Structures are given as structure tokens and as C-alpha cells.
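Heads up: the structure comes next, in C-alpha cells.
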Amino acid sequence: RVKEKGKAHFQFYQGRMDTIHRNVVELETHLRKALENEELTLYYQPQLELATNEIVSFEALLRWHSKEFGLISPAEFIPLAEDTGLILPIGQWVIDTACSQIKQWSEQFNREFRIAVNISPRQFQDQNLVDTIRHAITKYNIAPDLLEVEITEGTMQDTAAAIPILKKMKKLGIMVSVDDFGTGYSSLSYLKQFPIDVLKIDQSFVKDVMTNNKDAAITTTIIHLAKSLGMDVIAEGVESKEQAQFLLEADCAYVQGYYYYRPLPANEIENIMMNR
Ligand code: C2E
Ligand code: MG
Ligand code: MG
Ligand code: MG
């Protein structure tokens, strides 16, 4: 039964991928228009302080509800956006929208929440990235440390290029986190060279933390590493009470995952905030 179900799902997925491959030019055309057609939205996933269960921040995650193709996941369209360069205008829209949301929520709830946005390698290479961020912070008149950029280890591989950009970001006062930490190819030496505020433990380590000794050891080590370096640490992909308990005992400060909340549209976040 399970096998049948898995097979059906696979076929559906295959079918959809075939459609997408056949229509890759069409998909690109639609993605190009997605912004002006208002088909792109940001969902927000709460990040909690583990010890208190307080929501302290959010990660902004792109969603594309295409009129033509239905809901397309970022794993599918971000690579296309990267290849075509469309990630630049899309990324600018993400930064602007996140800053606008920071402004709106801090007024609405009379309390400050940080929002983290994902920055892909191509965006990071864009000469205008820091100016785009500065412009949005000024436009909405928000405290710069309420905006966080998530970059991956891959983005930092070109050390000579990355360091001056990160320094400009820190001068601006925004927060910098390393997403999917521990999964990229890079030496630990960048942790001492780069101004990094937060390590995000990749969900692949958190997933089997209860059953796999190595995942447990890696998770614990990242938590210690962050603490020793004076950085914050957050575990991604927390899906169970047991994982949360493990992380609490390992002294992990922040958590994010389906066990707490899925990524949600802004209005649903507002309902949660008003009922807490
Ligand atoms: P990411 O930044 O590592 O985001 C975490 C992903 O894990 C998200 O997938 C989130 O929905 C999912 N997730 C959160 N909690 C759990 C959990 O408990 N269990 C499981 N299994 N998954 C969980 P999503 O939203 O599909 O995004 C996928 C990736 O797409 C992101 O990975 C990020 O690399 C990229 N992405 C998303 N939004 C943006 C964006 O605005 N700009 C750029 N450049 N990339 C984005
Ligand atoms: Mg992320
Ligand atoms: Mg991640
Ligand atoms: Mg990821």
C-alpha cells in the first residue's frame, strides 16, 4: 500500500517535472511576470527562544502561486530565477517586502520582531545588494538589526569577494546568519574571518538527532562552536517534542520547525500573535 502510494506520488511528480521541462521557456516567461501579477508572496515561519517558547523572529520564505502551474516550491523556481537573473528583481522585492513587514508588525504589536531573508549566491554577487538593503531600511525607517540576511557556506567560498560585502553589511548594522550550516564545502577558518552573528544548524542534522549518534554529536558541537565564538545558534527543521527536548538539554538558544509552526502567510501570523 505504502509502495503504491509512493509510486503514485512519484508519477505525479515526474509528470509535473516533465511539464515544467517542456515548458521551461514558458515557465520563465511566467516567472518574469510573477512579480507584476502579484503571484509571489512571502510566508513567515516563526523562530522561538527555546527556553521561553517566545516567538522572537521570523524567516521569510518565498511562495509562488502561479495561475498557470499552481503552487511551485522555491526548490523548483529559485534555481530558475538564479539561472535567468530574475533572482535580482525578485530578491529586491523580498527585501523591500520584509522591511515593510518589520515596520508594520512593530507598530501593530508594539514590539520588535526580526525578519530573516534568504540571499542566494547570485544576489550576493550583485554590486547593488548592500544599497538595496540600505534603501529599504531607510524607506521604512526600521532599526537595521531587525533585518537578517541568511547566506550559505557556498556564498562565502570566494573569501576575497565576500569579506568586503559582509563588512559593509555589518557597518549598516544588519544581522548575518549562515544557513544550512555544516552542509557546505568550506573550512571553519571563515568563521574567524567573517563577521557572522548566527549559525543555523541544518535540518539534516536535526532530523535524526534522537536516533543517530553522529547527528547528535554534530548538533551539540555546532551549539558549542557558536557559543565559543560568541554567535547565536538556531536549529532548523525541529519536528518533534523529543528533538526540542534534546536541543534544550544541549543548550540551543533558538528553534524553528514544523513542531512549532509551519511557514504561514502574514495574516495568519497576525492571528497567532494576537491570540498568544
Ligand atoms: P532554507 O532557507 O534552508 O529554508 C528552510 C526550508 O525548510 C523551507 O523550505 C521551510 O519551509 C522548510 N522547513 C521549515 N521547518 C521545517 C521542518 O520542521 N521540517 C521540514 N521538513 N522542513 C521545514 P522552503 O520554504 O520550501 O524553501 C526552500 C529553500 O528555498 C530555502 O531553504 C531557501 O534556500 C530557498 N528560498 C526560500 N525563499 C527564498 C527567498 O526569498 N530567496 C532566496 N534566494 N531563496 C529562498
Ligand atoms: Mg533559510
Ligand atoms: Mg536552511
Ligand atoms: Mg536549505
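Couple of notes before you dig in:
- Pairs are defined by a Cβ separation below 6 Å, a sequence spacing of at least 6 or placement on different chains, a first member in region 138-167 that is among the hydroxyl-bearing types (Ser, Thr, Tyr), and a second member that is open to solvent by less than 20 Å² (accessible area, probe 1.4 Å) and modelled with pLDDT of 95 or more; the pairs so defined are TYR140/CYS99; THR152/ASP179; THR155/PHE124.
- Selection from region 150-174 of residues that are within 21 Å of ILE102 (Cα to Cα), open to solvent by less than 50 Å² (accessible area, probe 1.4 Å) and more than 15 Å from ligand 1 (Cβ to nearest atom): MET169, LEU172, GLY173, ILE174
- Enumeration of residues in region 198-213 that are in contact (Cβ under 8 Å) with a residue 24 or more places away in the chain and away from ligand 1 (no atom under 16 Å from the Cβ): none
- Residues being of a type in the set (D, E, K, R) and open to solvent by 70 Å² or more (accessible area, probe 1.4 Å) - total across region 35-56: 3
- Of all residues in region 92-106, those that are among the small types (Gly, Ala, Ser) have Cβ atoms under 9 Å from Cβ atoms of residues that are in a helix (DSSP H, G or I), 6 or more apart or on another chain, in ALA98/ALA136; SER100/ALA136; SER100/LYS139; SER100/TYR140; SER106/LEU146.
- Selection of region 161-182 for residues being at pLDDT 95 or above and within 16 Å of ligand 4 (Cβ to nearest atom) yields SER177, VAL178, ASP179, ASP180, PHE181.
Residue-by-condition table, conditions (1) open to solvent by 10 Å² or more (accessible area, probe 1.4 Å); (2) modelled with pLDDT under 95:
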{"position": "LEU61", "(1), (2)": "yes, no"}
{"position": "GLU76", "(1), (2)": "yes, yes"}
{"position": "ASP83", "(1), (2)": "yes, yes"}
{"position": "ILE102", "(1), (2)": "no, no"}
{"position": "VAL117", "(1), (2)": "no, no"}
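- Looking across region 178-195, the residues that are open to solvent by less than 70 Å² (accessible area, probe 1.4 Å) and within 15 Å of ligand 3 (Cβ to nearest atom) come down to VAL178, ASP179, ASP180, PHE181, GLY182, GLY184.
- Entry remark, region 63-73: residues being near ligand 1 (Cβ under 6 Å from one of its atoms) and surrounded by 14 or more Cβ atoms within 10 Å (Cβ to Cβ) number 0 in total.
- Residues in region 208-253 that are surrounded by fewer than 16 Cβ atoms within 10 Å (Cβ to Cβ) and in a loop (DSSP other than H, G, I, E, B): ASP208, MET210, THR211, ASN212, LEU229, GLY230, GLU239, SER240, ASP251.
- LEU88 being modelled with pLDDT of 95 or more and out of contact with any strand residue (DSSP E or B) (no Cβ under 8 Å at 6 or more places or on another chain): yes
- Hey, LEU199 modelled with pLDDT of 95 or more, under 19 Å from PHE58 (Cβ atoms) and buried (at least 16 other Cβ atoms within 10 Å of the Cβ) or not: yes
- Yes/no for ARG134 being in contact with an Asp or Glu (Cβ under 7 Å, 6 or more places away or on another chain) and not in a loop (DSSP other than H, G, I, E, B): no
The values are calculated or read from the model by the stated rules, or taken from the named source; none is laboratory data. For clarity, every value in this text was computed on a predicted model and none was experimentally measured. Because the Cβ atoms are built from the backbone with ideal geometry, glycine has one as well, and the counts that use them run over all protein chains shown. In case anyone asks, the SASA skips ligands and DNA or RNA and just uses the protein heavy atoms, side chains included. Shrake-Rupley method; radii C 1.70, N 1.55, O 1.52, S 1.80 Å.
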